Amino acid sequence: GAVVSQHPSRVICKSGTSVKIECRSLDFQATTMFWYRQFPKKSLMLMATSNEGSKATYEQGVEKDKFLINHASLTLSTLTVTSAHPEDSSFYICSARVGETQYFGPGTRLLVL
Amino acid sequence: AQSVTQLGSHVSVSEGALVLLRCNYSSSVPPYLFWYVQYPNQGLQLLLKYTTGATLVKGINGFEAEFKKSETSFHLTKPSAHMSDAAEYFCAVNTYTGTASKLTFGTGTRLQVTL
């Protein structure tokens, strides 16, 4: 149980384009999902908390207009990186919360050329 | 405020040897503590968690951790390391801001297992 999927697993895009990453809870419903960014050999940095049916809560320093989050259903949250630039290249990981436990997706590797 | 300190960014053990990964926490409320493992280019997998009750928690892959309130520690152990245990390990504590909760992670410990 508590399986979280992400799609795509990796994506390469041109600078200036937008990329959408999906996070799905496969066998449970999640009112709250989280989006993280991880730099090489570093820990996870929380970007935002995604709440079903309401606006996401962004961490300090994260541009909400650049990283658009939508949590339209209890099993799906999406992160859209708008007007991507090379510095947005990173490993993006989502999680879904069950009680006090977060279950993580496999991550999405984004490379912006 | 809650925080987590993982001592040792890199730990190397021989196959078959004891694994000990250290985690100390700071929390103003009774903590919920977690250990996650991350293999290269993958997400995080929950190894074990402590919420309430028994302080010795058993997880997957033979790992266990003991919550010691007096020492504010939640060290991860495994009696005998296997090559497949080589990965990055993260300790985390629940952090509360108002009614919202989120995880605060340690900086991670890379476990290397040698023959």
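Need one value for A:1-11: mean number of C-beta atoms belonging to other chains within 10 Å of its residues' C-beta atoms.
Details: counts 0, 1, 0, 1, 1, 1, 0, 0, 2, 1, 0.
Average per residue, whole number: 1.
Please check region A:95-113 for residues whose accessible area, probe 1.4 Å, is lower by 50 Å² or more when all protein chains are in place than in their chain alone.
Output list: A:100, A:101, A:102, A:104.
Can you give the convex hull volume of the alpha carbon atoms of region A:1-89 per residue, in Å³? Write out the running numbers ahead of the final one.
On the way: hull volume 9.2 nm³, N = 89.
Output value, Cα hull per residue: 103 Å³.
With a Förster radius of 30 Å, plug the Cβ-Cβ distance of residue A:98 and residue B:115 into 1/(1 + (r/R0)^6) and report the FRET value to the nearest 0.05.
Details: r = 39 Å, r/R0 = 1.29.
My answer for the efficiency is 0.20.
Highest GNM mean-square fluctuation, chain B, Cα pairs closer than 10 Å: which of B:26, B:70, B:14?
B:70
By how many nm would the segment from residue B:10 to residue B:96 lengthen if fully extended, with 0.36 nm per residue of separation less the alpha-carbon distance?
Working: separation 86, 0.36 × 86 = 30.96 nm, distance 2.92 nm.
Net length gain for the segment: 28.0 nm.
In whole percent, and with a 1.4 Å probe on the protein chains, what portion of the accessible area of region B:16-71 is carbon and sulfur? Each step should come with its number before you reach the end.
Values: 1450 of 2870 Å².
Carbon-and-sulfur percentage of accessible area, whole number: 51.
Say R0 is 22 Å: what FRET efficiency, to the nearest 0.05, do residue A:31 and residue A:68 get from their beta-carbon distance?
0.70
Write out the cysteines belonging to the protein assembly as shown for which the nearest other cysteine Cβ is not under 4.7 Å, or none if no such cysteine exists.
For the protein assembly as shown, the answer is A:13, because their Cβ atoms have no other cysteine Cβ under 4.7 Å.
Of the residues B:77, B:97, B:52, which exhibits the maximal mean-square fluctuation in a Gaussian network model of chain B defined by a 10 Å Cα contact cut-off?
B:97
Does any residue of region B:40-84 lose at least 20 Å² of accessible area with all protein chains in place compared with its chain alone, and if so which ones (probe 1.4 Å)?
Buried on complex formation: B:41, B:43, B:44, B:46, B:49.
Run through the DSSP bridge list for the protein assembly as shown and note the antiparallel percent, rounded to the nearest 5.
Working: 73 of 82 bridges.
Antiparallel: roughly 90 percent of the beta bridges in the protein assembly as shown.
Roughly how many nanometres apart are two label points built 7 Å out from the Cα toward the Cβ at residue B:80 and residue A:113?
5.0 nm
Summed for both chains, how many Å² of accessible area, to the nearest 100, are buried between A and B with a 1.4 Å probe? Please list the in-between numbers first.
Details: alone 6330 and 6220 Å², together 11050 Å².
In total, chains A and B hide about 1500 Å² from solvent.
Taking every Cα atom in region A:4-51, find the radius of gyration and the maximum pairwise distance Dmax, and write them in Å.
Every Cα atom of region A:4-51 included, Rg and Dmax give 12.8, 36 Å.
Whenever you get a sec, compute what percent of the accessible area on chain A sits on carbon and sulfur atoms (1.4 Å probe).
Numbers: 2940 of 5570 Å².
Accessible surface attributable to carbon and sulfur in chain A totals 53 percent.
For residue B:26 and residue A:18, what does the FRET efficiency come to when R0 = 45 Å and r is the distance between their Cβ atoms, rounded to the nearest 0.05?
On the way: r = 40 Å, r/R0 = 0.88.
My answer for the efficiency is 0.70.
The values are calculated or read from the model by the stated rules, or taken from the named source; none is laboratory data. Every value quoted in this text rests on a predicted model; they were computed, and no experiment measured them. Here Cβ is always computed from backbone atoms with ideal geometry, including for glycine, and neighbour counts include all displayed protein chains. Please note that ligands, DNA and RNA were not included when accessible areas were found on the heavy atoms of the full protein model with its side chains. Shrake-Rupley method; radii C 1.70, N 1.55, O 1.52, S 1.80 Å.
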